[in-house]
2 protein chains.
Amino acid sequence: QPADAVQLRSWAAACANCHGTHGVAEKGMESLAGQKQDELLKKLLDFKTGRKPATLMHQIAKGYSDEQLQQLAGYFAALKK
Amino acid sequence: QPADAVQLRSWAAACANCHGTHGVAEKGMESLAGQKQDELLKKLLDFKTGRKPATLMHQIAKGYSDEQLQQLAGYFAALKK
């Protein structure tokens with residue numbers, strides 16, 4: 001596991017509020033677990049740049065560096081669906 | 001109104017997801033409308049620096065500059081309770 005696994009889990013913890021624990025969403029939210037890393041990253045970067053419209057995700061994505069977003073995408077891609 | 005009122009409203013729009021439209025929350029979330037600007041700003045800065053624990057607010061606050069947080073605090077302080 002990458003050295004900052006604990007840090008990675010704490011970045012990802014914020015997502016659980018809407019996307020469920022372990023990235024598996026309940027009420028109609030998108031599940032993150034097991035999505036392809038590059039697809040997840042593209043969405044996150046598009047949110048961050050405003051290319052992809054959102055109610056909250058554009059603002060949340062601004063709180064992460066691109067490098068953090070890449071690590072987060074990898075984190076969720078590795079989770080079991 | 002400050003020149004970037006439209007920008008300010010769009011920053012504040014993200015808050016509506018949990019804090020309700022016009023800063024008046026329904027389900028147990030904290031209402032923002034009419035809170036004192038300096039109290040709101042202190043909370044936001046404490047979230048941003050981690051002094052105030054949170055599930056999501058710490059990450060959201062990181063997406064705003066301190067100056068933006070100050071303008072947001074002023075925006076919600078000016079709303080009618």
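The values are calculated or read from the model by the stated rules, or taken from the named source; none is laboratory data. Treat the numbers as computed from the prediction; the structure is a model and nothing was measured. All Cβ positions, even for glycine, are placed from backbone atoms using ideal geometry, and neighbour counts span all protein chains on display. The protein model used for the area step is the full one, side chains on, heavy atoms only, and it has no ligands, DNA or RNA in it. Shrake-Rupley method; radii C 1.70, N 1.55, O 1.52, S 1.80 Å.
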Using the heavy atoms of the protein chains alone and a 1.4 angstrom probe, what is the accessible area of chain B per residue in square angstrom?
-> 60 Å²
B plus A alone minus the pair: what accessible area, both sides summed, probe 1.4 Å, in Å² to 100?
-> 1000 Å²
In whole angstrom, how far apart do the alpha carbon centroids of the stretch B:12-71 and the stretch A:11-81 sit?
-> 21 Å
Magnitude of the charge dipole, the protein assembly as shown, Cβ model with Lys/Arg +1 and Asp/Glu -1, debye to 20 | 280 debye
Expressed as a percent, the accessible surface of the protein assembly as shown that is carbon or sulfur, using a 1.4 Å probe and the full set of protein chains, is 58 percent
Cβ-based charge dipole, the protein assembly as shown, positive-most Cα from B:Leu40, B:Gly23, B:Gln68 | B:Gly23
Along principal axes, largest first, the alpha-carbon spread of the protein assembly as shown in whole Å comes out as 47, 32, 29
For the stretch B:5-77, build the convex hull from the C-alpha positions and give me its volume per residue in Å³.
-> 82 Å³
What's the FRET efficiency of A:Leu79 with A:Ser10 using the Cβ-Cβ distance as r and R₀ = 22 Å, to the nearest 0.05?
-> 0.90
